[in-house]
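Presented below is the structure to which this report refers.
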Amino acid sequence: MRDSYEVVIIGGGIIGSAIGFNLLKMGVKDICVIEKSYVSSGSTGRCAGGIRQQWSSPMNVRLAMRSVELFKNFEKDVGMDIEYKQGGYLLLAYTPEEEEDFVKNVEMQRSQGLDVEILSKSQIKSKFGFMNLEGVRIGSWCQSDGHANPQIANIAYSMAIKRMGGDFITHTKVESIDIANKKIVGVQTDRGYIRTNTVVNAAGFESSKIGKMVNVDIPVYGERHQILVTEPVNHFLDPLVINFNHNYYIRQTKHGSLLMGQGDANPMPGEDLGNSIEFLEEMSQKMVRDFPLLRNVHIVRQWSGAYDMSPDAQPIIDESKDLSKFIYATGFSGHGFMLAPAVGESVAEMIVHGKTITMDISNLRMDRFKNHIEIEKNVV
């Protein structure tokens, strides 16, 4: 770790890593990423790795579509196979209200250029005959959705950052940020002081704590979501399946294990990452009901992670109006991994060019909360 950098990025998860990689790619060589623990130790290392473009808000659709284009070239651009597979996403609707929302969402998604379609119950049965579709009305299907290994992706970015001349500093905690005349002058860590005039806050659910260091209020909080993994079985499930009505998602990994997750029924804000036996009981019942062939499959272990929730379940990407070059990219509400390549590109452009070039993300600024907000509904 040196004593000065042009840009300091706080948070070495997938968002901070993607920003660092893109800054180096755009020619900003004097950068460091600071991670308080090991690479992929936080929310990135705890997520299921889904990559979805089917959202209820146009901005999330556009961000995800750009990320998919970048994920296609990830191995070539970043230098590592991340087990990326476009196996599709199947979203299931059970109620008239869900059906109506799905139809409206698909119409909007198509207007953004996404190749997505509504499937009838019989079409779903034809594609996925192993599923119990009792109560299903329709489904939403996008073949170019998919999944990858988030831990490997995070590691790939960190290795690329070092290879390209940047620093990726682990096991280092940011203690304070120094300002003078409304400008950042340095960052104090538990391993020493760093002079800088640009800080990027990509600290996930802890980004609000980083904001408080410079009196910037960032309305983000942690929310526990639990996940489990089974023993490996023969491959049968290409897509990631989401059931909003029954509150779960499921996908199969490259080596055959199944990842299944859900949010707590009554989530409380906080950083509690404990696990519950209720989660295992509820998830087991859901899987046996909707995927009868899994009745005798063994669960290996469970864990939990924290979504960095924003008021509208959409990212907050902005630069402070009161403090020069304090930029934050947070509030991804459980979907940071799938949006990371596009976000990394956009934030790097903000720093290099003073504005985004590839896509307009101005409606993700903090000031949107002063007006009526559009809440992203497709969260599980």
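The values are calculated or read from the model by the stated rules, or taken from the named source; none is laboratory data. Every value quoted in this text rests on a predicted model; they were computed, and no experiment measured them. Here the Cβ is made from the backbone with ideal geometry for all residues, glycine too, and neighbour counts use every protein chain on show.
Can you pull out the residues in region 1-27 that are crowded, with 19+ Cβ neighbours inside 10 Å, part of a loop (DSSP other than H, G, I, E, B) and not aromatic (Phe, Trp, Tyr)? Matches in region 1-27: 11, 12, 13. Kindly evaluate residue 11 against the criterion of being within 12 Å of the chain's Cα centre (by Cα), on the phi > 0 side of the Ramachandran plot and modelled with pLDDT of 95 or more. When the stated conditions are applied, residue 11 does not pass them.
Given the structure, is residue 29 at pLDDT below 95 and within 17 Å of residue 200 (Cα to Cα)? Here the answer is yes, as residue 29 does meet what is asked.
Here residue 125 meets each of (1) under 22 Å from residue 241 (Cβ atoms); (2) assigned to a strand (DSSP E or B); (3) in contact with a Leu (Cβ under 8 Å, 6 or more places away or on another chain) with one exception, condition (2). For region 127-154, residues that are β-branched (Val, Ile, Thr) and out of contact with any helix residue (DSSP H, G or I) (no Cβ under 7 Å at 6 or more places or on another chain) total 1. Being in the same structural domain as residue 35 (by TED's automatic domain parsing), buried (at least 16 other Cβ atoms within 10 Å of the Cβ) and touching an Asp or Glu at 6+ places or on another chain (Cβ under 6 Å) is the requirement here; does residue 186 meet it? Yes.
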